[in-house]
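K.L.:
This structure is in structure tokens; I'll ask about it shortly.
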Amino acid sequence: MFRFFLLGFFLFCCVPDTQATEPLTLTLIDALKMAKERAVNVVVADEKVKQALARMSQAQAVLLPQISGSTSESRQTRNLEAQGISIPGKDPLVGPFNTFDARIKLTQSLLDVASVETLAVTSQSEALAKNQKTQSEQGALALVASLYIEAQRAEMHVALGRSLVAQSEEAYRLAQNQLQQGSGTSLGLIQAQATLETSQHQLVALKTDEDNRKKDLLASLELSPDTKLILPSKQKELKFEIPDDTRIESATLNNSDLKVAQSALKKSSAEHKAAVADFLPKITAKADYGASGTLPADSRSTYTYGAELNLPLIDGGLRAARVKEAKSHWLENKAELQDTEIKTKTAIHEAKNDLLETEKGVEATTSALTQADQELKISKQKLQSGLGSHYEVTTSILQWTRTENDWHDAIANRELATLNLIYKMGEVDNFLETLSSHSSYEK
């Protein structure tokens, strides 16, 4: 009996928890805030900023006073002959004797241009890391926003797909009834059946696409792929004022890619100066003070102070090679900056043109949807007056649904183009703040 109890307890404890995780209601503003905190690229970039700050502290420490303390006590013997001292008739072995020394030492750099320039390099490295962090943040935000819109569009496609299936089923039933009543044809029934099967197959494909889109969004937010996402449909459209040439010119300077290229050029310039500074002399002040004697009790105060000049002379061309390398790196970054400036302006203008093109798409589909709505009303009026049929109404509903789907696609394309323009102009953070302050998105 006890064994059965143990078996039952074991099975109870080992049965996996199949309860579904709590659904996550996620608005666009929530997704963007989450991306700024959890995206891997953003987290890594933040750590790189901390590393750059630590390296700057290390470089700064070389220029600050260095104070150390030491103490030693020993009993020893010495062979004078080992030091080149030979006294005729005397034993060269001296000792044993005691030695004691306790001392504080101070070292201060007085002239070290190379270390100063190295500190400037670390300062530029910090600026570069911060710009790279901004670049990662804006890239992550733009990616998550795009994935969110694509997931929302896929969800809308599924809803419309279900509607198409339902309407295709109704059209198929009407075709059957018409055939039975003698007012329809076998060809019409076959066409209705083919339309139904096609819509059913499309619905399966749309559901698969929706699942994949949502998993992509979850992965970008470092969330479990098993999380059930709920994307609210009552969300306002993204709106962004079309920039003129003056605004594009100023926005180019805010582009994260351009700022990274500028910081990289400044860093390579500082590295070149640091490499040249290695040819300059270094002057260091040194001093120590302490007690010295055979024992701590009979020790006496002693001190040393002075300065040291270090002048590099011959190193086999090592420093010259470093200067050449640093200069080449600077020229490389300069060319990359010029290329980035051209590409940034081009990308902003292209993003602007894409947005204008999607605006035309929205206008065209809006007109088509208005026309489809009118045709649907006419078909319903004809049915009420006895001049039309249920099949015609169903066909009009199908056409209206497809047109509405095209309209939603046009809206989604415009929002993606809007996000792309915002990203290229380097205004993702400002746009996120605007969304947050105006509460444009509601759960």
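K.L.:
Per DSSP H run of n ≥ 4, the term is -39500 (n - 2.57); total these for the chain, divide by its residue number, and report the mean residue ellipticity at 222 nm rounded to 500 deg cm²/dmol.
P.N.:
After summing the helix terms and dividing by residue count, I get -24000 deg cm²/dmol.
K.L.:
Determine, for T71, T246, T27, the number of other Cβ atoms within 10 Å of each Cβ, and report the residues in order from fewest to most.
P.N.:
Listed from fewest to most nearby Cβ atoms, that is T246, T71, T27.
K.L.:
For the range 39-89, what does the alpha-carbon gyration tensor say about shape, rounded, prolate or oblate, given a ≥ b ≥ c as the root eigenvalues, a/c under 1.5 as rounded, and a/b over b/c as prolate?
P.N.:
Prolate shape, in that a/c is at least 1.5 and a/b is the bigger ratio.
K.L.:
Moving on to the next point. Within the range 321-353, list the residues whose amide N lies under 14 Å from a label point set 7 Å along Cα→Cβ of L253.
P.N.:
Under cut-off, by backbone N: nothing.
K.L.:
Compute the acute angle (0 to 90°) between the alpha-carbon long axis of helix 256-277 and the principal axis of greatest extent of the alpha-carbon atoms of the chain; round to the nearest 10°.
P.N.:
That helix lies at roughly 10 degrees to the long axis.
K.L.:
Of L64, L295, L164, which has the largest mean-square fluctuation in a 10 Å C-alpha GNM of the chain?
P.N.:
L295
K.L.:
Next question. Under unit Cβ charges (Lys, Arg +1; Asp, Glu -1), what dipole magnitude, rounded to 20 debye, does the chain have relative to its Cα centre?
P.N.:
Roughly 1140 debye, rounded to the nearest 20.
K.L.:
Rank T304, L189, A285 by how far each Cα sits towards the positive end of the charge dipole of the range 186-344 (+1 on Lys, Arg Cβ; -1 on Asp, Glu Cβ) and give me just the farthest.
P.N.:
Result: T304.
K.L.:
Moving on. Hey, what angle do you get for helix 40-61 against the long axis of the chain, alpha-carbon based, 0 to 90 degrees rounded to 10?
P.N.:
For helix 40-61, the angle is close to 20 degrees.
K.L.:
Towards the positive end of the charge dipole of the range 21-86, with charges on Cβ (+1 Lys, Arg; -1 Asp, Glu), say which of V49, L24, L63 has the farthest Cα.
P.N.:
L63
K.L.:
Further question on the same structure: Give me a comma-separated list of calculated 3J(HN,Hα) values for the range 83-99, in order, Karplus coefficients 6.51, -1.76, 1.60 applied at θ = phi - 60°, integers in Hz, x for any Gly or Pro.
P.N.:
Taking θ as phi minus 60°, the curve returns 9, x, 10, 10, 10, x, x, 10, 6, x, 7, 10, x, x, 8, 9, 9 Hz for the range 83-99.
K.L.:
Identify which of D429, D91, D211 has the largest mean-square fluctuation in a Gaussian network model of the chain, with springs joining Cα atoms closer than 10 Å.
P.N.:
D91
K.L.:
For Cα Rg over 2.2 N^0.38 Å, several values are listed as (i) 0.98; (ii) 1.12; (iii) 1.74; flag the one computed from this structure.
P.N.:
(iii)
K.L.:
I want to verify a result. In a Gaussian network model of the chain, Cα cutoff 10 Å, which of these has the top mean-square fluctuation: A120, A59, A307?
P.N.:
A307
K.L.:
Say each of Y305 and V113 gets a label point 7 Å from the Cα, pointing the same way as Cα to Cβ; how far apart are those two points in nm?
P.N.:
Those two pseudo-labels are separated by 2.8 nm.
K.L.:
What is the helix-to-structure angle for 2-14, meaning the angle in degrees between its Cα long axis and the longest Cα principal axis of the chain, kept from 0 to 90 and rounded to the nearest 10?
P.N.:
90 degrees
K.L.:
Which distance in nm do the two modelled labels at A102 and T294 give, with both placed 7 Å along the Cα-to-Cβ direction?
P.N.:
1.9 nm
Taken together, the values in this text are just the output of simple stated rules run on the coordinates, not laboratory data. As the structure is a prediction and not an experimental result, all values here were calculated from the model. Every residue, glycine among them, receives a Cβ derived from its backbone with ideal geometry; neighbour counts consider all protein chains shown.
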